[in-house]
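**Student:** Dropping a structure here in structure tokens format, bear with me for questions.
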Amino acid sequence: MSGGRNRRAFFIMDNTQVAAALEAVGNLLDLVGENSFKVRAYQTAARTIEGLDRNVALLIREGKLQEVQGVGEGLARKIEELVATGRMIYLEDLKKKVPIGLLDVMRIPFCGPKKTRVLWQELGIVDLEGLKRACAEGKVAALKGFGDKSQAKLVDGMNFVASHAGRFRLDQVIPVARILLDYVAHHHDVARASYAGSMRRWKDTVGDADILASSSDPEHVIDHFSKANGVRTVLGMGPTKCSVQLDSGLQVDLRVVKDDEYAAALLYFTGSKEHNVLLRARAQKMGLSINEYGVLKGDDRIKVASEEEIYKLLGLSYVPPEMREARGEIEAAEQGQLPQLVERKDLVGVFHVHSTWTDGTAAIADMAEKTRSQGFKYMGLSDHSKAAAYAGGMNEERLSQQLKEVDSLNSRWTDFRILKGLECDILPDGNLDMTPESLAQLDFVIGSVHSRFDMSEQEMTDRVCKSLNNKYLHVLGHPTGRLLLHRDGYKIDLERVLQEARRCGKSIELNANPNRLDLDSVHVKRARDLGIPISVGPDAHSTQGLEDIEYGVATARRGWLTAKDVLNTRTADDALAVLRG
DNA sequence: GCCGTTTTCGGCCCGACTGTTTTCAGTCG
């Protein structure tokens, strides 16, 4: 029982949840028109805490909470209250004053706190439903400060939000699912347990989380699961299946089967549906049939202990879950041509790391130590250039100062190295945001688009292609600019960009930040087919952010990448040699 | 609300763009 208590404690004190509460306070304060610096204090603290690699509860116990940058007396008191009691009275009072549905309204692109406030106070709008109605009646366009275009933008924004409703990013799902899987797997009646569904395939966003377990006593296991910590509602519960909704709104489904059904069930529930359809068609041709309970030959059940055995029965080599998308993996498996997918342990170093010199929350030294502790041999530091003013981008002078710090840090280690880099803005005209002299002193340059997202496809593609011809640019960063569930990428002809990258001998980034996962796996595979080296980079803004690399590795695997396709499986010298062509 | 001191309160990241205005507020990155 004490194990359960610990788990509960851990669940409540999760840094993500503390951050979410602070973020909510910040947004609600923004809506009531509080001092914007106070608002920012909550928001930056939320961001910092989310990025900590130590648990807040632990920091409290050690009396070190106020050592966290941006957490003073006031915030510390509120955080301690939240961790100790699971509640923050200040937040609950705010929620009484401000309709909570307005936070959804504020998530619409181009609808910030000021506009939301006007909608609320002038039209009495308290949620998305009300806003939808007011737009339909033309009431929003008539408001002072709004107009036809503003109203149309809001409608577009609402449609975007609605089309992604009920979906979650991997980082919103995996950490929670890990705890739940652990909880289920350690039940004494459970023989085997695993993730299933799109989460097991590491799809970039998922609708729900699926867990499969085998047991001789399913009802016991299901009862245990329904009582897991963090469960808000039990949506459905039967003898073999239980669906629950967590406090975050995420739905988690548990299926429990007999152990001799486990392999077929795991295959079935992992999907994708399209992959399974192909498998079943293949089975049929071989006189077999596959369903979620097993493999049948006529009326006889064939004993299968693992997914591997099922693939073998079908004359296929084992297809890793990340590849099960009906993108040619069956044919490849038939011919024994499946790639040996890259793994986390193949990575030797990482490119694309930020620090407090711009918009990161940790010092270069801390980021480096963390990177080193993860077993990497080098860290490609790449803070922002000056055009990224919102991020505190560096001009040439500050960059030079930063490089001096890197030099002095590098004398610390013999087995580790910080590479000097920059995430340099690709300006609207396709030029880079720093002088050639400044760029020339760097080991590598990532070029990224951070402005003028509204260009036509032709203009944006020209812009990026021009930058690829710049000899100082080595890696194209987050090539589409998408933010998952928040914003589509800018319009760009990726095929032309990839062709140009190949022609210029440039590398493409697979940005591992779970908000981005940019490029997506389809284009990652295309880049690989073109022979373009791919840098799997964490785009880390905190020490915690360095762990996002696993999302990138998963996406790389979804894009069929082997170790040799990935730039940072090479030693620092070899990787830099590739970048220099 | 935090921070850094000039120990008691003032400053806190900013430039571009958009749609609305008729000189600018709001949003974004």
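**Student:** Are any residues in the range A:119-156 surrounded by fewer than 16 Cβ atoms within 10 Å (Cβ to Cβ), within 20 Å of A:PRO99 (Cβ to Cβ) and within 13 Å of DNA strand B (Cβ to nearest atom), and if so, which ones?
**Tutor:** Correct list: A:GLN121 only.
**Student:** Another question about this same structure. So, restricting to strands (runs of 3 or more DSSP E) that lie completely within the range A:377-468, which ones have at least 2 residues that are more than 24 Å from the chain's Cα centre (by Cα)?
**Tutor:** Qualifying strands (runs of 3 or more DSSP E): A:417-425.
**Student:** For the range A:105-117: of the residues being farther than 13 Å from A:ASP30 by Cβ and surrounded by fewer than 17 Cβ atoms within 10 Å (Cβ to Cβ), which is modelled with the lowest pLDDT?
**Tutor:** Taking the range A:105-117 as the starting set, the residues that turn out to be farther than 13 Å from A:ASP30 by Cβ are A:108-110.
This time we only want the ones that are surrounded by fewer than 17 Cβ atoms within 10 Å (Cβ to Cβ), so: A:109-110.
Details: A:PRO109: 82, A:PHE110: 85.
Step by step, filter the range A:105-117, then rank; the result is A:PRO109.
**Student:** Now for a separate question. What number of residues within the range A:478-526 satisfy the criterion of being more than 14 Å from the chain's Cα centre (by Cα), more than 16 Å from DNA strand B (Cβ to nearest atom) and assigned to a strand (DSSP E or B)?
**Tutor:** Going residue by residue through the range A:478-526, those that are more than 14 Å from the chain's Cα centre (by Cα) are A:479-480, A:488-509, A:522-526.
Subsequent filtering for residues that are more than 16 Å from DNA strand B (Cβ to nearest atom) retains A:493-508, A:522-526.
Adding the requirement that they be assigned to a strand (DSSP E or B) leaves A:507-508.
Residues that pass the stated criteria total 2.
**Student:** Name every residue in the range A:14-67 that is more than 12 Å from DNA strand B (Cβ to nearest atom), within 27 Å of A:ASN515 (Cα to Cα) and basic (Lys, Arg), in order of residue number.
**Tutor:** Passing the criteria: only A:ARG54.
**Student:** Any residue in the range A:270-287 that's over 19 Å from A:PRO320 (Cα atoms): show its pairings with residues that are among the hydrophobic types (A, V, I, L, M, F, W, C) at Cβ separation under 7 Å, as long as the two are six or more apart or on different chains.
**Tutor:** A:MET286/A:LEU314
**Student:** What is the residue count in the range A:315-343 for residues that are touching a helix residue (DSSP H, G or I) at 6+ places or on another chain (Cβ under 6 Å) and at positive phi?
**Tutor:** So in the range A:315-343, the residues touching a helix residue (DSSP H, G or I) at 6+ places or on another chain (Cβ under 6 Å) come out as A:316-319, A:321-324, A:326, A:329-330, A:338, A:341-342.
Filter again for at positive phi, leaving A:326.
Residues in the range A:315-343 being touching a helix residue (DSSP H, G or I) at 6+ places or on another chain (Cβ under 6 Å) and at positive phi: 1 in total.
**Student:** Please list, ordered by first then second residue, the pairs with beta carbon atoms under 7 Å, 6 or more apart or interchain, first in the range A:28-55 and closer than 23 Å to A:LYS115 by Cα and β-branched (Val, Ile, Thr), second more than 9 Å from DNA strand B (Cβ to nearest atom) and part of a loop (DSSP other than H, G, I, E, B).
**Tutor:** From the range A:28-55, the pairs are A:VAL32/A:VAL98.
**Student:** Separate question: Going residue by residue through the range A:493-515, is there one that turns out to be buried (at least 21 other Cβ atoms within 10 Å of the Cβ), in contact (Cβ under 8 Å) with a residue 40 or more places away in the chain and on the phi > 0 side of the Ramachandran plot?
**Tutor:** no
**Student:** Looking at the structure I just gave you, is A:LYS64 of a type in the set (D, E, K, R) and over 25 Å from A:ASP171 (Cβ atoms)?
**Tutor:** yes
**Student:** Now a separate question. If I go through the range A:345-375 residue by residue, how many of them are touching a Gly at 6+ places or on another chain (Cβ under 9 Å) and among the charged types (D, E, K, R)?
**Tutor:** Final tally of qualifying residues: 2.
**Student:** Any idea which of A:PHE160, A:PHE146 is within 22 Å of the chain's Cα centre (by Cα) and either free of Cβ contacts under 8 Å to residues at least 12 places away in the same chain or more than 15 Å from A:ASP208 (Cα to Cα) (or both)?
**Tutor:** On the way: A:PHE146 fails: within 22 Å of the chain's Cα centre (by Cα).
After ruling out the rest, the residue left standing is A:PHE160.
**Student:** Of the residues that make up the range A:353-370, is at least one in the same structural domain as A:HIS474 (by TED's automatic domain parsing), touching a Pro at 6+ places or on another chain (Cβ under 9 Å), of a type in the set (A, V, I, L, M, F, W, C) and crowded, with 20+ Cβ neighbours inside 10 Å?
**Tutor:** Start the filter on the range A:353-370 by keeping residues that are in the same structural domain as A:HIS474 (by TED's automatic domain parsing), which leaves A:353-370.
So of that shortlist, the ones also touching a Pro at 6+ places or on another chain (Cβ under 9 Å) come out as A:353.
Keeping just the survivors that are of a type in the set (A, V, I, L, M, F, W, C) gives A:353.
Remaining after also requiring crowded, with 20+ Cβ neighbours inside 10 Å: A:353.
Within the range A:353-370 (the criterion being in the same structural domain as A:HIS474 (by TED's automatic domain parsing), touching a Pro at 6+ places or on another chain (Cβ under 9 Å), of a type in the set (A, V, I, L, M, F, W, C) and crowded, with 20+ Cβ neighbours inside 10 Å), the answer is yes, since at least one residue qualifies.
**Student:** Among the residues of the range A:200-223 satisfying the criterion of being within 18 Å of A:HIS187 (Cα to Cα) and either among the basic types (Lys, Arg) or surrounded by fewer than 21 Cβ atoms within 10 Å (Cβ to Cβ) (or both), which is nearest to the chain's Cα centre (by Cα)?
**Tutor:** Quick first cut of the range A:200-223, residues within 18 Å of A:HIS187 (Cα to Cα) only: A:210-223.
If we keep only those that are either among the basic types (Lys, Arg) or surrounded by fewer than 21 Cβ atoms within 10 Å (Cβ to Cβ) (or both) too, we end up with A:216-217, A:219-220, A:223.
On the way: A:SER216: 36, A:ASP217: 36, A:GLU219: 34, A:HIS220: 34, A:ASP223: 31 Å.
Taking the candidates together, the pick is A:ASP223.
**Student:** Here is a check on your reading of the model: is A:GLY63 without any contact (Cβ under 8 Å) to a residue 24 or more places away in the chain and at positive phi?
**Tutor:** Numbers: without any contact (Cβ under 8 Å) to a residue 24 or more places away in the chain: yes; at positive phi: yes.
When the stated conditions are applied, A:GLY63 passes them.
The values are calculated or read from the model by the stated rules, or taken from the named source; none is laboratory data. This structure is a prediction, so every number in the text was calculated from the model and none was measured. Please note: Cβ atoms are built from the backbone with ideal geometry, for glycine as well, and neighbour counts cover all protein chains shown.
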